[in-house]
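The values are calculated or read from the model by the stated rules, or taken from the named source; none is laboratory data. As the structure is a prediction and not an experimental result, all values here were calculated from the model. Don't worry about glycine lacking a Cβ; one is built from the backbone with ideal geometry, like all the others, and counts go over all protein chains shown. Surface accessibility is based on the protein's heavy atoms, side chains included, excluding ligands, DNA and RNA. Shrake-Rupley method; radii C 1.70, N 1.55, O 1.52, S 1.80 Å.
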Amino acid sequence: MPEVIQTFDLKKTYPLEEPVHALRGVNLTIGPGEFVSIMGASGSGKSTFMNILGCLDRPTSGSYELDGVKVGGLSRNELADIRNEKIGFVFQGFNLLSRTSALENVELPLVYQRKKSKIKPKDKAMDCLVRVGLADRMGHQTQQLSGGQQQRVAIARSLVNDPALILADEPTGNLDSRTSLDLMGLFQELNQQGITIVLVTHEPDIAMFTKRCVEMRDGLIVRDTPIEEQRDAKLELEEFSGVIGI
Amino acid sequence: MKIFKLLGIAQSSLLKNRTRSILTMLGIIIGVGAVIVMVAIGEGTKENIETRINSLGTNLIMIRSASNSAGGVRRGFGSSRTLLLKDEHTIREQCDLVMAVSGIVNVNGQIIGGGSNWSSSVMGVSPDYTTIKSWELDEGTFFTERDIRAKTKVAVVGTSIRDNLFGGGDVIGQSIRIQSVPFKIIGLLKSKGSTGSQDQDDVVLVPLTTAAFRLRGDSKYVSQIYVSATSMDMLDAAQEEVSQTLRMAHKLIDGEDDDFNLTTQTELTEAFTSSTETMTTLLAWIAAISLFVGGIGVMNIMLVSVTERTREIGIRVAVGARGFDVMMQFLIEAVVLSLFGGLTGIAMSFGVCRVLTDFAGMTTIIQTDIIFISLGVSGLIGIFFGLFPAKKASELDPIDALRHE
Ligand SMILES: Nc1ncnc2c1ncn2[C@@H]1O[C@H](COP(=O)(O)OP(=O)(O)OP(=O)(O)O)[C@@H](O)[C@H]1O
Ligand SMILES: [Mg+2]
């Protein structure tokens, strides 16, 4: 089985007057079924890296293989198809369509799906919204939802195409600790089903729910450690509920 | 592809920007509406002229004097006098394809009667004249061959004469004076109303010979001869026959120009129709230019829309839309906009034509083919002017588009 993600000396430079070296040579290998968290200070290049992993952006130099395929040589259409079929991406800024219902937002990737699926797009999208706990907000428009709810719609959208790889840029950034726990439980469940997950976070606590922690600084990976004791979000949620007496 | 999905996307995004969509359509609405109304007015005018000319009588051949160049000096049209009273007789005797013949002698005359006077057109004609013009009598009788032979001083008048001289009262048996010659009224023509500015009821008919001998000095000549062919199909043949007969009667040798001029009603129609067609074409071009400007409006708005919706495009591309999908989305939006504008324009043009007919008395004719043509054209405008913005949208880079504010 090939590695899911393999990057070789990945560099990204933004050609401003004073060129910004957002990535200075990142080498990372992530295998199938891994659950990786990426940590690092603001501006250390996490989002830049994630965008390249998500086939949204191209590196200035270096190469990136996804499922053994060199992404650098693919056409725009092939990249679009990879994003549509293989990857679920949760953006740092949600990136939901405004004046559009939660359900339609979640359905969006299926609109562009080329393969016919047995399940109706609408049912599939509803199912995903139920999984992130938004069963009662499906018809609400984006601007009628709270930040945390929008975050969960964005996560539901990343699940809707049954991706093999989920890339989430600070998915818990806008959530309270209880909902964060909820969400990490969902990610752990998905990971147990075999989906590879990479998520960016600022909180060391959140990283403890993953299996491996990669730390970035100034466009380079400075530390890559396995999590010794992975915490179980479901279990903690039960305890959490017990403490506040629900 | 999934055209219905794309139609759905187009519909919802057009509805989300309702005001802008309507404003964009306005250009197309006005353009299409203008084209249809202009062409409808043109067609209406054409038909109007046609019915007017047809009211002259469908099988009519008009014969007028014409100068031939034999004399060396060419005089103005109709100013020469070559048509004779006896030409009428010759045509009647010798032409088989002719159903009715009437010479016409025009007399200018002040008419005095019922204590007042009135200036009208007095015409000396044969009894056949009513057949040629399909005129009918309201009261009394028309004069006959006997009156022609005897040059009797009788007259048949139109209703305007009755109204103006006799205050609308009974006119049969009344007497009028034309150039101080007394005439007895024996018939009243049925009212025909007026076509345009010309009052068709302001007419006095007297026997041809009476007019020639008693009202005009030059008893030999007639102003015009009207001939009715036996049928519409025979018009050309009858024209030829009349022409040959007249050439024989006037003793014209081969190669010599005709000293008369034949005009049929069809020729008149053609002359008028071609001039109205020029007008229609001109109006349609002006309207088409406004439609083109409407199309530029669509392009403008679509370009603005692409810029404004860059983030939306970015999101769609990020979740897997191909360039083609994005292009189709914007193209379909443009086409839906212009098609809808076209449909609304068509609906509005019906309303405008109604108003023009009911309140301005204009004849307007909307033909079905112009409806389909303008609908097709508005669709094409959508494609033509939507293509550039759509292409622009489809070439956006996902990450740049997502960063767009
Ligand atoms: N489009 C761009 N043009 C120029 N410089 C950029 C651009 N995008 C990012 N950068 C720069 O690249 C560096 C890395 O940015 P990046 O967004 O990857 O940081 P990050 O680690 O995700 O930070 P945060 O935790 O705040 O989200 C920053 O210094 C940023 O200023
Ligand atoms: Mg970031």
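Points to keep in mind about this one:
- For B:GLY294: the one exception among (1) more than 14 Å from chain A (Cβ to nearest Cβ); (2) in contact with a Leu (Cβ under 6 Å, 6 or more places away or on another chain); (3) of a type outside the set (Phe, Trp, Tyr): (2)
- Selected residue (criterion: farthest from A:GLY93 (Cα to Cα)) from residues of region A:35-60 that are away from ligand 2 (no atom under 13 Å from the Cβ) and surrounded by fewer than 20 Cβ atoms within 10 Å (Cβ to Cβ): A:THR60
Quick grid of which residues meet (1) part of a helix (DSSP H, G or I); (2) facing chain B (nearest Cβ under 10 Å):
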site	(1), (2)
A:SER37	no, no
A:CYS55	no, yes
A:TYR64	no, no
A:LEU79	yes, yes
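- Options B:GLY361, B:GLY351, B:GLY345; residue that is crowded, with 22+ Cβ neighbours inside 10 Å and more than 14 Å from chain A (Cβ to nearest Cβ): B:GLY345
- Top-ranked residue in region A:4-31 [being under 13 Å from A:ARG212 (Cβ atoms) and not hydrophobic (A, V, I, L, M, F, W, C); ranked as farthest from ligand 2 (Cβ to nearest atom)]: A:GLY31
- Residue, farthest from A:LYS234 (Cα to Cα), within region A:143-183, restricted to residues that are more than 16 Å from ligand 2 (Cβ to nearest atom) and touching a Ser or Thr at 6+ places or on another chain (Cβ under 7 Å): A:GLN143
- Residue selection: A:MET1 satisfies the criterion of being more than 16 Å from ligand 2 (Cβ to nearest atom) and more than 30 Å from B:VAL326 (Cβ to Cβ).
- Of all residues making up region B:287-304, the number that are touching a Pro at 6+ places or on another chain (Cβ under 7 Å) and surrounded by fewer than 22 Cβ atoms within 10 Å (Cβ to Cβ): 2
- Some residue of region B:210-224 being within 25 Å of the chain's Cα centre (by Cα) and either open to solvent by 60 Å² or more (accessible area, probe 1.4 Å) or at pLDDT 85 or above (or both): no
- Subset of region B:143-162 [open to solvent by 30 Å² or more (accessible area, probe 1.4 Å) and in a loop (DSSP other than H, G, I, E, B)]: B:THR144, B:LYS151, B:THR152, B:LYS153
- For region B:67-83, the set of residues classified as at pLDDT 80 or above and within 30 Å of B:LYS192 (Cβ to Cβ) consists of B:LEU83 only.
- Condition check for A:ASN84: within 11 Å of another protein chain (Cβ to nearest Cβ), open to solvent by less than 20 Å² (accessible area, probe 1.4 Å) and under 29 Å from A:LEU66 (Cα atoms): yes
- Count of region B:382-405 residues, restricted to those that are in contact with a Ser or Thr (Cβ under 6 Å, 6 or more places away or on another chain) and open to solvent by 20 Å² or more (accessible area, probe 1.4 Å), is 1.
- Pick from region A:39-53, criterion within 12 Å of chain B (Cβ to nearest Cβ) and within 7 Å of ligand 1 (Cβ to nearest atom), ranking: farthest from A:GLU189 (Cα to Cα): A:THR48
- Only one of the listed residues (A:ALA125, A:ALA102) is in contact (Cβ under 8 Å) with a residue 24 or more places away in the chain, more than 10 Å from every other protein chain (Cβ to nearest Cβ) and in contact with an Asp or Glu (Cβ under 6 Å, 6 or more places away or on another chain). That residue is A:ALA125.
- Region B:16-30, residues that are of a type in the set (D, E, K, R) and surrounded by 15 or more Cβ atoms within 10 Å (Cβ to Cβ): B:ARG20
- Of all residues in region B:311-325 being within 54 Å of the chain's Cα centre (by Cα) and open to solvent by 10 Å² or more (accessible area, probe 1.4 Å), the one that is nearest to the other protein chains (Cβ to nearest Cβ): B:GLY323
- Exactly one residue out of A:HIS202, A:HIS140 is within 16 Å of ligand 2 (Cβ to nearest atom) and open to solvent by 10 Å² or more (accessible area, probe 1.4 Å), and it is A:HIS202.
- Matching entry among B:ILE366, B:ILE381, B:ILE373 (being in contact with a Cys (Cβ under 8 Å, 6 or more places away or on another chain) and more than 30 Å from A:ALA168 (Cα to Cα)): B:ILE366
- Boolean, A:ILE119 is part of a loop (DSSP other than H, G, I, E, B), away from every other protein chain (no Cβ under 11 Å) and hydrophobic (A, V, I, L, M, F, W, C): yes
- Flag for A:VAL160 being of a type outside the set (Gly, Ala, Ser), buried (at least 20 other Cβ atoms within 10 Å of the Cβ) and within 19 Å of A:ASP67 (Cα to Cα): no
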